[in-house]
1. Can you tell me which of B:Lys110, B:Lys163, B:Lys140 moves the most in a GNM of chain B? Springs connect C-alpha atoms under 10 Å apart.
2. Select from A:Leu160, B:Ser203, B:Leu375 the residue farthest towards the positive end of the dipole of the protein assembly as shown; place +1 on Cβ of Lys and Arg, -1 on Cβ of Asp and Glu, and compute about the Cα centre.
3. Using θ = phi - 60° and the Karplus relation 6.51 cos²θ - 1.76 cosθ + 1.60, list the HN-Hα couplings for segment B:51-59 in order, rounded to whole Hz, with x at every Gly or Pro.
4. Please give the peptides B:133-139, B:251-257 ranked by average Cβ packing (other Cβ atoms within 10 Å per residue), highest first, as a rough proxy for protection.
5. Around A:Lys89, with a cut-off of 13 angstrom between Cβ atoms, what is the net charge of the other residues, counting Lys and Arg +1 and Asp and Glu -1?
6. FRET efficiency for B:Asn317 and B:Asp209, Cβ-Cβ distance as r, R0 = 30 Å, nearest 0.05?
7. When DSSP beta bridges are limited to those with both residues in chain B, what percentage is antiparallel, rounded to the nearest 5?
8. For the protein assembly as shown, what class follows from the C-alpha gyration tensor (a ≥ b ≥ c being the square roots of its eigenvalues): rounded when a/c is under 1.5, otherwise prolate if a/b is larger than b/c, else oblate?
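Every read-out reported here was derived from the displayed coordinates using simple, explicitly stated rules and does not represent laboratory data. Because the structure is a prediction, the values reported are computed rather than measured. Cβ: placed from backbone, ideal geometry, glycine included. Neighbour counts: every protein chain shown.
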Amino acid sequence: MKKISATKTNNQTKIALLLDALKAIFKAKDKRFLLASVLLHIVLFSMLLISWQNSEPVKISSIPNSVQARVISLDELKALREKREAEQKKQIDKKNAQKKKQELKRKKELKRKKELKRKKELKRKELKKKKAREKKQEAKRKADEQKKIQIKKKQREKRLKEEQKKKEEERQKRERLEKIKQEKEQVKRQEREQRLLEKMQQAELETQRQFEAERVAKELSRQQRLSQEQELNEINKYKNLIRLKIKQQLHYPPKTKGLKVTVKVKLFSTGELASVTVIKSSGSQALDRAGLSAVRGVVKFPLPEDQALVDREFREIVMGFISP
Amino acid sequence: MKLKFIFLSLFLFVQSVQAELYIEIREGSDSALPIAIVPFANKSGSAVPYDVSRIIANDLQRSGDFDALSTSKMLSLPEQYDQIHFRDWRLLGQKYVLIGQLKYSAYTKKYEISYELIDVLTQQRVLGEVLSSGSKGLRKLAHKISDAVYEEITGVRGVFSTKIAYITLKQLTKNKQEYRLFVSDADGQNAHMIFKSHEPMLSPSWSNDGQHLAYVSFHTGRPAIYIQHVKSSHQRKVTSFKGLNSAPMWSPDDASLVMTLSKDGNAEIYTYDLATNALNRLTNHYGIDTEASWSPNGKEVVFTSDRSGRPQVYRMNIKDKVPERLTFVGKYNARPRFSKDGESLYYVHQSNGGFHIAAIDMKTSEQQVLTSTSLDESPSLSPNGRMIMYSTLRGNSSVLAVVSVDGGAKYFLPSDSGDVREPAWSPFLN
């Protein structure tokens, strides 16, 4: 009896250990494996249960022990006998107990089976529910997981992008820096070359500067000359125009050939006559008068547009009338 | 310091003098001087026998030196100074305006002419005078005013009061013709005959005092040189040598004549002393030398000679008698006349198939043909040296024509006396 109890205790212990193991397993972080193992055990246990319920009850036959002779004392024999008897009794008790136990067990088993069936059903339902829940959870999990994956993916992509961006920025920065560096180097090189070139050109420039100075001086002189020529041309142009105007008004008196009268003509800036006077007579009153009359006869003297030139050159004009 | 200041002042003065623009004018207008001869106001109360202002305008116009404005173009007819609108005359381009009035005095029976010459540009009166004359002398007064105006403006004495002498040929019948020697005003008007002949008359020449005319006449049947007093018509024979007696010309001092005589067998140039009747032969050449005239100073003569084979003009000093050929252009150059200043010579020049009046500059020997008429002959210079009168063929008649010494002005003198030839322009007559 004690032995059975011990065995029972032993079994309970095993179960407890198993439970502990399960708990331990349940405590495991990776719930997926735990869940898988539980399901596996459930399946196996169900299969075992089903197969056990369908098989015939196992017949327990006593297995003849082989004769082993050993000299023993009476006490021992007696003890043995007693023991045997005890054992037999125990055996009988045991058998009875077993019978009771078996009956009980059978009942219990039956009950258990019922219970088990109920539980099984319940469990199946629960399992179904659980499966559904799990499925849901799984779906949710998967969705979450997918979401997480997506998030992660996005994060990763984002990160990748950021990294790429960062890398690109770094690359650009690097390139920029490189470029700046190159540019600086280029500048430095150019500066060096420039300095060299400048040094090389310095001498040439010096020569050219001299030539240029001479050229500029010549050009300046030429321009001055041109300007003077232009001014001279302008003066001559208007001298001729004035001469023409005077000529139209001039009637040289006869018999004055070769005589010359010189008059001073003062003009307003508008070209109108301010005054005219004889500054050197020809000796012929007629010629003097003809010169004066010719000047007075010009209503308006043609003058250049350049007022400065007019003021400088044309405000006072000396005219010499030489009778042809 | 003082010296520096003087130099500086002198320098600045020179600079200022140099700074003035100088324009030399050696040419004048090709047109004549515009002048407006406003018709003189007739205050006489009756018609005047002569249009004095018209005579003046014609005189000045003919001179070639003036362009008289047509009366129809005048915007107003002022009679006195304060009536002159100078702006109008200036707009019309006139240099001078001549205004005047004519009155008649019944007491003296004379006309009184007052005139004023106004310079339009200065608006000043440059000439003014009051003259009087009988009705017959009005023309003379007009010429006198013309002379005064001309001289005032040009400085050269006018020749409008001078006379001209010329010879006309009138065919009386088929076989009878009459040569007449006329003296008229310089414009051809107021002509009166001083001698006539049925025989040819040639080469009238005025004495320098304007009192006498020398000419050649054949009225005795052979050529002789005569001197005739213009006013009295008193005639004196000077030469009547055998052969030619032609082309007399008074010396500048009127003491002698230069003439052509062929008394020695060939036509040669002689001078004839009017006081002593002495002859002085100047030329001695087998060629024909004729048509001599005096230089202004009386020391030289110029004449026509064909000693080179063709008639050309030569000059000769009357003392050394060395001829010098003056003309080389053309095959015919004849009848030379000196200008009054002796710087030019005028003569008949043959060119382009005609005979024209030409001038040669004695300094440059440049020749200028002055006329475009044909068969021009007998040039005679006006006393002021501005005009040349000559005879030329116009239609079928010979007429007198005038050209200015620069060739600018030309006109003909009308005549109803047949052929008119041999003009001679008088000297100034007081």
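1. The residue with the greatest mean-square fluctuation here is B:Lys110.
2. The one lying farthest along the dipole's positive direction is A:Leu160.
3. Values per residue, Gly and Pro as x: 8, 4, 5, 5, 4, 4, 4, 5, 4 Hz.
4. B:251-257, B:133-139
5. After counting each charged neighbour, the total is +2.
6. So the FRET efficiency works out to roughly 0.75.
7. Given both bridge residues lie in chain B, the antiparallel proportion sits at roughly 95 percent.
8. Judged from the Cα gyration tensor, the protein assembly as shown comes out prolate (a/c at least 1.5, a/b above b/c).
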